[in-house]
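Below is one structure, written out as structure tokens; the observations come after it.
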Amino acid sequence: MTKQTLILIALVLFLPFAFGTTANGQNLTHPTEYFGFEPGADRKLFTYDALMSYLKTLEGETDQMRLIQIGESELGRPMYMAFISSAENISRLEELREINRRLALDPGIPDGERRQLIEQGRVFILATLSMHSTEVGPSQAAPWMAYNLITGSEPGMKDYLEDVVYMMNPCHNPDGMDMIVEHYNKYLGTPLEGSSLPGLYHKYVGHNINRDFITLTQKENQAIADAYNLEWFPQVLVEKHQMGAAGVRYFVPPNHDPIAQNIDENLWSWTWVFGSNMARDMTAKGLTGISQNYLFDNYWPGSTETSAWKNVISLLTEAASVQLATPVYIEPGELSVTGKGISEYKKGINFVAPWPGGWWTLGDIVDYELESLYSMIKTGSLFRRDILTFRNDLCRREVEKGLTEAPFHYIIPQQQHDKGEALRLLQLMQRHGVDVYRLERDILLEGRQFRSGDFVIPMGQAYRPFIKEVMETQEYPVRRYTPGGDMIRPYDITSWSLPLHRGVQSVELNQPAPEVYESVEKLTAESLEMAIAPPGQGYWILDGRRNESFHFAFAALGRGLNVYRLQEDLGVGTQGAPAGSFLVEVTNRNLTALREIATVLMAEGMAMAERPDVAFSPVRMPRILLCETNFHDMDAGWTRWLFDTYDIPYEVMVPGDFPAADLNRRFDVIVFPDAPKDQIMQGRMERGGQVFIPFYKPDYIKGMGSEGWQKVLQFIEQGGKVLSWGRSVDLFTGLMEPGQGRQPYNLPINNAAASLERQGLYSPGSLLRIQLLQDHPLSVGLPREIGVFHRSNPVLSTSIPVFDMDRRVIGMFPEGKILLSGYAEKEELLERGPAMVWVKKGAGQVILYSFVPNFRGSTPVSNKLIFNALLLD
């Protein structure tokens with residue numbers, strides 16, 4: 001019997017109504033009465049619409065809660081923030097929001113006024129629930145969170161809410177929540193109960209929704225980030241997750257090493273305060289299996305906790321999972337830990353009361369979520385003045401650091417290889433709450449001449465930690481378990497530098513330059529929005545060095561307009577356009593369409609009254625097939641996001657449909673994103689000689705098999721084009737068997753990763769330098785050198801071709817400095833090795849990338865390597 005069942009019994013026995021009653025005598029609809037079952041009950045889940053309908057019902061019954069829409073999901077569902085506190089605090093929300101803003105951003109508040117604001121202010125605790133939709137517990141606990149706080153059924157909460165405003169995002173991923181609930185209910189009571197959803201639990205990114213809080217490509221993350229960056233400025237944030245079923249029961253802060261070096265030490269100390277109180281309070285309630293300082297580092301930004309770089313006390317909780325809502329029984333001998341903070345499943349300082357094993361249920365998760373929440377609210381109340389004081393103290397310190405410590409400014413010259421990406425970087429910084437300025441006059445700084453119109457990001461801002469983190473080159477903080485012992489490996493990636501990932505030139509100024517503040521104007525968001533329009537008549541040329549020019553071309557082709565590409569340079573320098581630029585003729589018939597399409601542009605094109613006297617050729621939109629497995633194929637989702645963002649039409653096919661497909665008749669290009677070969681070919685996973693059959697309905701995970709693969713080889717030999725990157729490159733290594741009595745062969749390409757990894761090569765998500773073959777259709781529009789996002793495998797090698805094959809190395813790792821940002825070991829083993837290879841077989845072409853050219857939507861610097869390949873004749 002769960003704690004919530006006991007509460008329900010108490011309500012029925014001892015209260016005169018079947019409703020909860022607030023401190024103000026208001027009757028509230030009980031969750032069990034509303035949903036028809038107890039939220040958290042075995043094998044019971046409600047949908048997002050049902051959750052929001054209940055919360056709206058509560059809002060109409062109490063003056064202690066207010067719902068505010070903060071955005072919408074990628075599929076158009078509205079997203080909300082529920083504010084829960086005392087009635088007085090709810091009536092003062094706008095006043096309290098302004099106090100939050102002042103304390104967060106204003107370093108110059110006079111001391112007397114500051115004391116008054118702190119006395120009048122309240123601690124805002126923002127919780128985001130179940131962004132990973134298979135982690136159903138936090139959102140299923142949301143009705144209890146609201147109901148119990150408002151009714152005061154938990155001792156002390158009424159008083160604590162006088163000091164605290166709880167901001168609850170009931171579900172960070174509404175689309176995914178409904179996908180998972182519908183899938184679970186479909187197979188309830190069958191052998192497939194609790195099985196995996198085929199595909200992603202999001203329109204595009206699935207689990208990677210929690211890797212997007214720098215680039216903010218997804219609408220759900222934009223809504224949450226706006227809430228803490230621009231709108232409400234909470235002092236505390238917690239993102240509530242779940243983890244594997246066979247380890248610790250619950251993780252609370254602090255995190256494990258390494259931690260971000262740019263974040264103030266006192267903010268890390270606050271995570272100890274909240275985490276230690278959670279561990280103490282939950283253990284005191286009889287909850288076992290609570291862990292701290294375990295597994296999860298807090299070095300990389302990108303999760304919801306990117307708020308820590310905005311001076312928010314940022315926390316993570318992780319509950320052990322069940323099979324969605326189906327209980328699991330765990331034998332004591334199945335319990336284990338990873339060794340990162342806890343070396344064995346036994347009592348220790350980071351794990352004071354191990355859970356013994358047995359049944360673990362959704363109701364258990366709900367109980368743990370509620371108790372952790374109560375503890376956070378209690379801590380927020382007990383330390384209200386300290387937390388509010390700390391927020392403004394930290395604002396003052398960060399601004400002072402920006403004025404007295406290097407770096408002092410970042411300057412982004414207006415002249416860029418890809419000006420559109422520079423402007424989008426600046427727009428992104430503004431969305432993060434960072435102030436951006438523009439020089440109003442020429443100025444000489446550190447021996448370099450900067451021009452009027454160049455952009456400036458000063459470091460004397462409250463969000464200085466974030467600015468420094470995303471504008472500098474990353475250097476991984478190596479920490480070891482013992483002196484001279486094994487290094488603590490990163491939990492996720494090690495590079496996220498916005499200038500390097502976007503191919504934008506940025507200059508870091510490390511000497512004080514107070515004259516800069518006298519030479520700039522602050523830019524509004526509107527001032528970076530440029531109204532770009534084609535000329536009334538004549539010809540319009542879009543610079544092929546800009547990603548947005550490709551977007552314009554794809555959008556125009558989608559409207560049926562004629563688009564051409566320059567085959568040679570036009571003009572000289574800034575007064576011309578390089579080969580690879582796009583040309584459209586502007587007429588009265590297409591002017592309206594071109595003006596509509598021009599909204600994708602951030603930088604002007606070049607207008608000409610007469611047709612340019614250079615060679616150009618028509619651009620044709622290829623018919624594109626994207627291979628996407630049902631194995632939560634996140635890179636395929638990111639590829640769909642890229643194609644949709646750039647108006648590139650495509651079809652999706654799962655591997656099991658390849659055998660029956662007429663590929664040559666229907667498509668010109670096949671794209672294989674980053675996915676393991678065994679999942680594509682066999683529909684299963686093989687690791688260390690073991691075969692793992694995933695928990696999916698078998699129909700969902702059929703591989704293409706030899707019959708489907710022979711269709712792909714036939715497609716290539718008859719003139720088709722294939723793009724493959726990341727792990728899918730292994731499809732094209734080893735023996736190719738085309739079948740039907742045809743000669744087997746090896747393409748002149750191999751994957752040398754296994755050998756190099758044995759020699760010590762290690763690149764855990766880093767930006768590596770490559771040199772591009774110049775004057776080649778695949779590299780047109782790109783500079784000679786760029787950084788690409790690499791994760792050790794694959795590593796390409798080439799050989800001299802035979803039969804009807806050929807190959808060219810398009811991108812090569814240079815001799816010398818290869819690591820641009822992040823961390824790598826023995827990267828010198830890559831020197832002079834190919835990073836990107838073009839292969840010819842018969843009449844067809846295969847373009848292979850050892851890196852992921854659109855990694856999580858965060859590497860626009862290499863996007864043109866995809867675009868050029870799609871348009872390759």
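The values are calculated or read from the model by the stated rules, or taken from the named source; none is laboratory data. All of these numbers come straight from a predicted model, not from anything done at the bench. Ideal geometry is used to build each Cβ from the backbone, glycine not excepted, and the neighbour counts take in all protein chains shown. Accessible surface areas use protein heavy atoms only, side chains included; no ligands, DNA or RNA. Shrake-Rupley method; radii C 1.70, N 1.55, O 1.52, S 1.80 Å.
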- Message: Could you tell me how many of the residues in region 670-715 are more than 21 Å from Gly844 (Cα to Cα), out of contact with any Lys or Arg (no Cβ under 7 Å at 6 or more places or on another chain) and among the acidic types (Asp, Glu)?
- Response: 2
- Query: Quick one: how many residues across region 369-384 are closer than 26 Å to Val248 by Cα and surrounded by fewer than 24 Cβ atoms within 10 Å (Cβ to Cβ)?
  - Reply: 5
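Matching residues to (1) touching a Pro at 6+ places or on another chain (Cβ under 9 Å); (2) open to solvent by less than 30 Å² (accessible area, probe 1.4 Å):
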site	(1), (2)
Glu154	no, yes
Val165	yes, yes
Met179	no, no
Gly189	no, no
Gly199	no, yes
Ile209	no, yes
Phe213	yes, yes
Lys240	yes, yes
- Message: Just to check your reading of the model, which residue among Tyr463, Tyr481, Tyr410 is open to solvent by 20 Å² or more (accessible area, probe 1.4 Å) and out of contact with any Cys (no Cβ under 7 Å at 6 or more places or on another chain)?
- Response: Tyr481
- In region 827-843, what residues are over 16 Å from Ile770 (Cα atoms) and either open to solvent by 60 Å² or more (accessible area, probe 1.4 Å) or assigned to a helix (DSSP H, G or I) (or both)? Lys840, Ala843
- Determine the pairs where a residue that is closer than 14 Å to Ser85 by Cβ, located within region 144-162, has a partner that is outside any helix (DSSP H, G or I) and among the aromatic types (Phe, Trp, Tyr) with Cβ atoms under 7 Å apart, the partner being 6 or more residues away or on another chain. Leu149/Tyr166
- Query: Of the residues that sit in region 566-606 and are of a type in the set (A, V, I, L, M) and in a helix (DSSP H, G or I), which one is surrounded by the most Cβ atoms within 10 Å (Cβ to Cβ)?
  - Reply: Ile597
- Task: Evaluate region 233-254: report whether one residue or more is under 30 Å from Ser381 (Cα atoms), part of a helix (DSSP H, G or I) and within 18 Å of the chain's Cα centre (by Cα).
- Result: no
- Could you run through region 758-778 and say how many residues are farther than 23 Å from Ala675 by Cβ and not in a strand (DSSP E or B)? 8
- Has region 513-525 got at least one residue that is open to solvent by 60 Å² or more (accessible area, probe 1.4 Å), out of contact with any helix residue (DSSP H, G or I) (no Cβ under 6 Å at 6 or more places or on another chain), of a type outside the set (Lys, Arg) and in a loop (DSSP other than H, G, I, E, B)? yes
- Item | Of all residues in region 844-853 being open to solvent by less than 10 Å² (accessible area, probe 1.4 Å) and in a loop (DSSP other than H, G, I, E, B), the one that is farthest from Thr733 (Cα to Cα) | Pro853
- For region 351-393, how many residues meet the condition of being aliphatic (A, V, I, L, M), over 24 Å from Gly121 (Cβ atoms) and within 28 Å of the chain's Cα centre (by Cα)? 4
- Task: Would you check if Gln710 is open to solvent by 10 Å² or more (accessible area, probe 1.4 Å) and in a strand (DSSP E or B)?
- Result: no
- Message: Only one of Gly339, Gly357 is on the phi > 0 side of the Ramachandran plot, surrounded by 15 or more Cβ atoms within 10 Å (Cβ to Cβ) and of a type in the set (Gly, Ala, Ser). Can you tell me which?
- Response: Gly357
- Any pair with Cβ under 8 angstrom, 6 or more apart, that starts in region 246-267 at a residue that is under 16 Å from Glu469 (Cβ atoms) and ends at one that is acidic (Asp, Glu) and outside any strand (DSSP E or B): Ala260/Glu469; Asn262/Glu469; Asp264/Glu398
- Message: So, Asp492, is that one of a type outside the set (Ser, Thr, Tyr) and within 26 Å of the chain's Cα centre (by Cα) or not?
- Response: yes
- Please go through region 531-556 and pick out each residue that is open to solvent by 30 Å² or more (accessible area, probe 1.4 Å) and over 19 Å from Val614 (Cβ atoms). Ala531, Ala533, Gly536, Gln537
- Task: Please go through region 75-95 and pick out each residue that is part of a helix (DSSP H, G or I), closer than 30 Å to Ala50 by Cα and within 33 Å of the chain's Cα centre (by Cα).
- Result: Ile90, Leu93, Glu94
- Item | Yes/no for Val563 being of a type in the set (A, V, I, L, M, F, W, C), at pLDDT 95 or above and open to solvent by 20 Å² or more (accessible area, probe 1.4 Å) | no
- Glu686, sole failed condition from (1) more than 26 Å from Pro198 (Cβ to Cβ); (2) free of Cβ contacts under 8 Å to residues at least 40 places away in the same chain; (3) not β-branched (Val, Ile, Thr): (1)
- Taking only region 430-458 into account, find how many residues are within 30 Å of Arg102 (Cα to Cα) and among the hydrophobic types (A, V, I, L, M, F, W, C). 6
- Message: I'd like to know if region 106-114 contains one or more residues that are at pLDDT 95 or above, under 30 Å from Gly199 (Cα atoms), part of a helix (DSSP H, G or I) and not acidic (Asp, Glu).
- Response: no
- Item | Count of region 414-452 residues which are in a loop (DSSP other than H, G, I, E, B) and open to solvent by 10 Å² or more (accessible area, probe 1.4 Å) | 13
- Query: Of everything in region 779-810 that's of a type in the set (A, V, I, L, M, F, W, C), under 17 Å from Pro860 (Cβ atoms) and in a loop (DSSP other than H, G, I, E, B), which residue is least open to solvent (accessible area, probe 1.4 Å)?
  - Reply: Leu782
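Yes or no, residue by residue, for (1) modelled with pLDDT of 95 or more; (2) within 19 Å of Glu421 (Cβ to Cβ); (3) under 34 Å from the mean Cα position of the chain (by Cα):
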position: Asp543; (1), (2), (3): yes, yes, yes
position: His551; (1), (2), (3): yes, yes, yes
position: Ala556; (1), (2), (3): yes, no, yes
position: Thr574; (1), (2), (3): no, yes, no
position: Thr599; (1), (2), (3): no, yes, yes
- Task: Starting from region 169-186, take each residue that is over 17 Å from Ala227 (Cα atoms) and list its partners that are among the acidic types (Asp, Glu) and open to solvent by 10 Å² or more (accessible area, probe 1.4 Å), counting only C-beta distances under 8 angstrom and pairs at least six apart or across chains.
- Result: Asp175/Glu74; Asp178/Asp49; Tyr184/Glu193
- Message: Is it the case, given these coordinates, that Gln759 is open to solvent by 20 Å² or more (accessible area, probe 1.4 Å), touching a residue at least 24 places away in the same chain (Cβ under 8 Å), under 24 Å from Thr798 (Cβ atoms) and not aromatic (Phe, Trp, Tyr)?
- Response: yes
- Can we say Arg77 is more than 18 Å from His30 (Cα to Cα) and open to solvent by 10 Å² or more (accessible area, probe 1.4 Å)? yes
- Query: Are there any pairs with C-beta distances below 7 angstrom linking a residue in region 414-437 that is on the phi > 0 side of the Ramachandran plot to a residue that is part of a helix (DSSP H, G or I) and open to solvent by 10 Å² or more (accessible area, probe 1.4 Å), with the two at least 6 apart or on different chains, and if so which?
  - Reply: Gly433/Leu230
